[in-house]
Amino acid sequence: MPDGDPTSIRSLAVTVEDLVTAMELNQSTPRRAVLRITPPFSGRMRARLHVATATDDGGETLHVDPSVLIEQTAPAYPSAVDTEQALRDDPTETYTVERHHDRHVEAVADWRRAVADAIRETATIHTPAPHEVDVAPLGDLSERESPKSTENIL
């Protein structure tokens with residue numbers, strides 16, 4: 001198998017931060033985040049966060065949908081509407097925009113941790129045919145606050 005053949009990939013390394021951020025971007029913005037694998041291909045490859053554009057060439061670079069690296073049991077991204085409703089339904093809290101914002105930021109941070117815990121050990125990527133690889137998560141989520149969502153929570 002030549003080194004330039006994407007089916008030579010046996011394991012795919014990706015930072016947990018890149019993977020979770022790609023998932024969050026796809027859920028909270030109209031942009032399409034992927035994990036990009038650039039040639040030349042070999043047994044162990046690194047996938048990096050990339051925001052796909054219409055001008056991306058269809059060359060040998062592989063774009064992996066981040067959701068294929070996450071277990072289907074991962075929770076859904078929390079919507080601002082859901083966090084607002086949960087706050088309004090809480091008899092111990094009075095709704096304010098600030099509380100809603102704080103509650104939503106907390107819900108997104110919880111979601112990010114749950115997604116990080118749901119990374120698959122193996123996944124099928126398209127190379128352009130389906131091809132199974134081992135997933136090697138690198139690092140942990142940073143301690144920083146999650147990126148500010150562009151979703152309007154008012």
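Summary of computed values
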quantity: Complete set of residues in the stretch 83-104 that are without any contact (Cβ under 8 Å) to a residue 60 or more places away in the chain, out of contact with any Asp or Glu (no Cβ under 7 Å at 6 or more places or on another chain) and not acidic (Asp, Glu); calculated: Gln85, Ala86, Arg88, Pro91, Thr92, Thr94, Tyr95, Thr96, Val97, His101, Arg103, His104
quantity: Residue in the stretch 27-34 that is part of a helix (DSSP H, G or I) and either in the same structural domain as Ala129 (by TED's automatic domain parsing) or surrounded by fewer than 19 Cβ atoms within 10 Å (Cβ to Cβ) (or both) present; calculated: yes
quantity: Selection count, the stretch 83-139, where residues are polar (S, T, N, Q), in the same structural domain as Pro66 (by TED's automatic domain parsing) and not in a strand (DSSP E or B); calculated: 1
quantity: Filter pass, Leu154 being modelled with pLDDT under 95, closer than 21 Å to Leu35 by Cα, in a loop (DSSP other than H, G, I, E, B) and aliphatic (A, V, I, L, M); calculated: no
quantity: The stretch 64-81, residues that are touching a residue at least 12 places away in the same chain (Cβ under 8 Å), surrounded by fewer than 18 Cβ atoms within 10 Å (Cβ to Cβ) and outside any loop (DSSP other than H, G, I, E, B); calculated: Ser67, Val68
quantity: Complete set of residues in the stretch 8-37 that are β-branched (Val, Ile, Thr) and at pLDDT 95 or above; calculated: Ile9, Val14, Thr15, Val16, Val20, Thr21, Val34, Ile37
quantity: Hey, Ser79 in the same structural domain as Arg103 (by TED's automatic domain parsing) and small (Gly, Ala, Ser) or not; calculated: yes
quantity: Lone unmet requirement of (1) modelled with pLDDT under 95; (2) surrounded by 14 or more Cβ atoms within 10 Å (Cβ to Cβ); (3) of a type in the set (A, V, I, L, M) for Ala52; calculated: (2)
quantity: Residue check for Gly43: closer than 24 Å to Ser8 by Cα and at pLDDT below 95; calculated: no
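The rows are residues; the columns are (1) touching a helix residue (DSSP H, G or I) at 6+ places or on another chain (Cβ under 9 Å); (2) more than 24 Å from Ala116 (Cα to Cα); (3) touching a residue at least 12 places away in the same chain (Cβ under 8 Å); (4) not in a loop (DSSP other than H, G, I, E, B).
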position: Val14; (1), (2), (3), (4): yes, no, yes, yes
position: Asp18; (1), (2), (3), (4): yes, no, yes, yes
position: Thr21; (1), (2), (3), (4): yes, no, yes, yes
position: Glu24; (1), (2), (3), (4): yes, no, yes, yes
position: Arg36; (1), (2), (3), (4): no, no, yes, yes
position: Met45; (1), (2), (3), (4): yes, no, yes, yes
position: Leu49; (1), (2), (3), (4): yes, no, yes, yes
position: Asp56; (1), (2), (3), (4): no, yes, no, no
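The values are calculated or read from the model by the stated rules, or taken from the named source; none is laboratory data. Owing to the predicted nature of the structure, the values given are computational and were not obtained by experimental measurement. Don't worry about glycine lacking a Cβ; one is built from the backbone with ideal geometry, like all the others, and counts go over all protein chains shown.
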